[in-house]
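*Asks:* This is the structure, below, for whatever I ask next.
The values are calculated or read from the model by the stated rules, or taken from the named source; none is laboratory data. None of the values given here were measured: they were computed from a predicted structure. Here the Cβ positions follow ideal geometry from the backbone for every residue, glycine too, while neighbour counts run over all protein chains shown.
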Amino acid sequence: MKRLKQSNAYADVAIVQSVEATDDFTVVFTLNEPDASFLDKLTSSAYSILDSELLKRHGGSDNGGDTARVWLDTSSAGSGPFVVRSWSPKELVLEKNPTYWGGNVNIDTVILKKMESVEAELEAIEKGEIDIALDLGVQAAGELDGRENVSVVSGTSVLLAFLAMSRDSGLAPEMSNPKVQEAVRYALDYKGYLALAGENSTVPLNFMPLGFTGALTRDLKTEGRNVEKAKELMAEAGYPAGFTVALVCPDIAMEGIDWNMVALKVKDNLTEIGIAVNIETLEYPQFYEKVRSAALPFYLAYWSPHYYDANSQLAFLPGVGENGTIYGRRTGWAADADNQSLLDLAAKIRGETDEALRAKYSKELQREYDRDNPFAFLFQPSGFFAYRNDTLAAVAYSDLSKKIELRELKAK
């Protein structure tokens, strides 16, 4: 836990008051306040248990100056089903851990490769050069459908695609206006984004993805697109003739979806209410640094939960400064008397262990949140992957993480 203080993940477990190993197989955590998600947090990769003595021999430290990362890039000090044999920017080779405690591991070696393009990935799985093709989009998955010895699997991911609009008037006074931000939400063609995202995709009401406690979806008949309402809000905000703004997006694909395609659709939607959008694409490291430093007034992004519990999504609540939230800080959305009700409901969700009550509070929070926030949540996309059914037994997404569990893979 001391070592975690040097990482971004520490905020999730800052409530830990003390940790005590009472015997060889028992660890007691004492918390400063109730946290219904604490055990879920500990399943996150950021909190993986590593061999402390081994790490210290390779530069590990819990007092600052930790240099073990270089060694960990090509070695293992954990207790999972696989250990690292080799690593390079384009390939990671894992081997079965002979001392794994969690049951049988069916595959001896797993090779994870970075493919140069979707086309190269499709060609490789058709030829049998790879056994699994990950992060396929709707179009790529469709191209493989029905191909000999290839099975395509889809399911709803836990990712969220969204627009963020800063409340910092110093960045872009027009976009920081709450009425403009509401107008943007009304202007969006949610059905069109679902078509981009593919089968099994959904539109969440806001920050809680389907599958999490009390998650609500947007009713596209009553809460969907309304261009006339959006124009009214633009006029109320003082911009009946519209304005020009830059929309920044990263140069990556998410679940096989090209961000530029999504950005172009946003541009088309907002043109109808007078907002002229100039799309700017940044390399992901540069984009992420600008997001973290709250330097962007309007951007397209995605969110992947840090751990699989509703509390992880409270990162989208208001709050700036040292005790703020992740996206409160990134959008300059301060906590104040007008949004105190959101924080009160969030506090109930954090500590409540009765799932029925948590679901009730979660739904109330999402409804209240939808009245005013600096985001527009576009979709929760489908995840697609394909596998060779002549070399592997049936492969499926994990119900919890919506990812493939490598230790459950079985060769034919």
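*Asks:* Among Ala263, Ala310, which is modelled with pLDDT of 95 or more, over 30 Å from Glu232 (Cα atoms) and under 22 Å from the mean Cα position of the chain (by Cα)?
*Replies:* Working: Ala263 fails: over 30 Å from Glu232 (Cα atoms).
Going through Ala263, Ala310 in turn, the sole match is Ala310.
*Asks:* While we're looking at this one, here's another question. State whether one or more residues within the stretch 298-307 are in contact with a Leu (Cβ under 6 Å, 6 or more places away or on another chain), closer than 30 Å to Met115 by Cα and surrounded by fewer than 15 Cβ atoms within 10 Å (Cβ to Cβ).
*Replies:* yes
*Asks:* Taking only the stretch 183-204 into account, find how many residues are in contact (Cβ under 8 Å) with a residue 12 or more places away in the chain, surrounded by fewer than 23 Cβ atoms within 10 Å (Cβ to Cβ) and part of a helix (DSSP H, G or I).
*Replies:* Final tally of qualifying residues: 7.
*Asks:* Suppose we filter Ile107, Ile111, Ile125, Ile132 for residues that are surrounded by fewer than 17 Cβ atoms within 10 Å (Cβ to Cβ) and among the β-branched types (Val, Ile, Thr); which single one remains?
*Replies:* Numbers: Ile107 fails: surrounded by fewer than 17 Cβ atoms within 10 Å (Cβ to Cβ); Ile125 fails: surrounded by fewer than 17 Cβ atoms within 10 Å (Cβ to Cβ); Ile132 fails: surrounded by fewer than 17 Cβ atoms within 10 Å (Cβ to Cβ).
The match here is Ile111.
Condition check ((1) surrounded by 15 or more Cβ atoms within 10 Å (Cβ to Cβ); (2) of a type in the set (Gly, Ala, Ser)) across all residues:
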position: Leu4; (1), (2): yes, no
position: Thr26; (1), (2): no, no
position: Glu33; (1), (2): no, no
position: Ser44; (1), (2): yes, yes
position: Asn63; (1), (2): no, no
position: Asp66; (1), (2): yes, no
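*Asks:* Please work out which residue is surrounded by the most Cβ atoms within 10 Å (Cβ to Cβ), limiting yourself to the stretch 227-254 and to residues that are part of a helix (DSSP H, G or I) and not basic (Lys, Arg).
*Replies:* First pass over the stretch 227-254, keeping only residues part of a helix (DSSP H, G or I): 227-236.
Those left that are additionally not basic (Lys, Arg): 227-228, 230, 232-236.
Values: Val227: 15, Glu228: 9, Ala230: 24, Glu232: 16, Leu233: 23, Met234: 26, Ala235: 15, Glu236: 14.
Step by step, filter the stretch 227-254, then rank; the result is Met234.
*Asks:* Quick one: Arg358 ticks every box in (1) in contact with an Asp or Glu (Cβ under 7 Å, 6 or more places away or on another chain); (2) part of a loop (DSSP other than H, G, I, E, B) except a single one, so which number is it?
*Replies:* (2)
*Asks:* Got at least one residue in the stretch 166-178 being surrounded by fewer than 18 Cβ atoms within 10 Å (Cβ to Cβ), acidic (Asp, Glu) and part of a loop (DSSP other than H, G, I, E, B)?
*Replies:* Our first condition is that a residue be surrounded by fewer than 18 Cβ atoms within 10 Å (Cβ to Cβ); within the stretch 166-178, this holds for 169-171, 173, 178.
Still in the running and acidic (Asp, Glu): none.
No, the stretch 166-178 contains no residue that is surrounded by fewer than 18 Cβ atoms within 10 Å (Cβ to Cβ), acidic (Asp, Glu) and part of a loop (DSSP other than H, G, I, E, B).
*Asks:* Take Lys265 and tell me if it is among the basic types (Lys, Arg) and touching a residue at least 40 places away in the same chain (Cβ under 8 Å).
*Replies:* So Lys265 fits the description; yes.
*Asks:* Separate question: Which one is farthest from Lys41 (Cα to Cα) among residues in the stretch 335-364 that are free of Cβ contacts under 8 Å to residues at least 24 places away in the same chain and buried (at least 18 other Cβ atoms within 10 Å of the Cβ)?
*Replies:* From the stretch 335-364, those free of Cβ contacts under 8 Å to residues at least 24 places away in the same chain are 335-337, 340, 344-345, 347-348, 354, 356-357, 364; that's our starting set.
Next, only the ones that are buried (at least 18 other Cβ atoms within 10 Å of the Cβ) stay: 335, 345.
Numbers: Ala335: 25, Leu345: 20 Å.
Restricting to residues being free of Cβ contacts under 8 Å to residues at least 24 places away in the same chain and buried (at least 18 other Cβ atoms within 10 Å of the Cβ), the top hit is Ala335.
*Asks:* Considering only the stretch 212-245, state which residues are of a type in the set (Val, Ile, Thr) and at pLDDT 95 or above.
*Replies:* Thr213, Thr217, Val227, Thr244, Val245
*Asks:* Please return the ranges of strands (runs of 3 or more DSSP E) entirely within the stretch 1-107 where 2 or more residues are under 27 Å from the mean Cα position of the chain (by Cα) and under 25 Å from Tyr308 (Cα atoms).
*Replies:* In the stretch 1-107, 82-88 are the strands (runs of 3 or more DSSP E) which contain 2 or more residues that are under 27 Å from the mean Cα position of the chain (by Cα) and under 25 Å from Tyr308 (Cα atoms).
*Asks:* Oh, and also: Within the stretch 292-313, work out how many residues are touching a helix residue (DSSP H, G or I) at 6+ places or on another chain (Cβ under 6 Å) and closer than 16 Å to Met165 by Cα.
*Replies:* Qualifying residue count for the region: 3.
*Asks:* Suppose the filter is part of a loop (DSSP other than H, G, I, E, B), free of Cβ contacts under 8 Å to residues at least 24 places away in the same chain, under 27 Å from the mean Cα position of the chain (by Cα) and more than 21 Å from Ile49 (Cα to Cα); does Glu116 pass it? Give the steps one after another, and end with the answer.
*Replies:* Values: part of a loop (DSSP other than H, G, I, E, B): yes; free of Cβ contacts under 8 Å to residues at least 24 places away in the same chain: yes; under 27 Å from the mean Cα position of the chain (by Cα): yes; more than 21 Å from Ile49 (Cα to Cα): yes.
Yes: the conditions hold for Glu116.
*Asks:* From Ala133, Ala164, Ala141, which residue is under 30 Å from Phe316 (Cα atoms) and in contact (Cβ under 8 Å) with a residue 24 or more places away in the chain?
*Replies:* Working: Ala133 fails: under 30 Å from Phe316 (Cα atoms); Ala141 fails: under 30 Å from Phe316 (Cα atoms).
Checking each option against the conditions leaves just Ala164.
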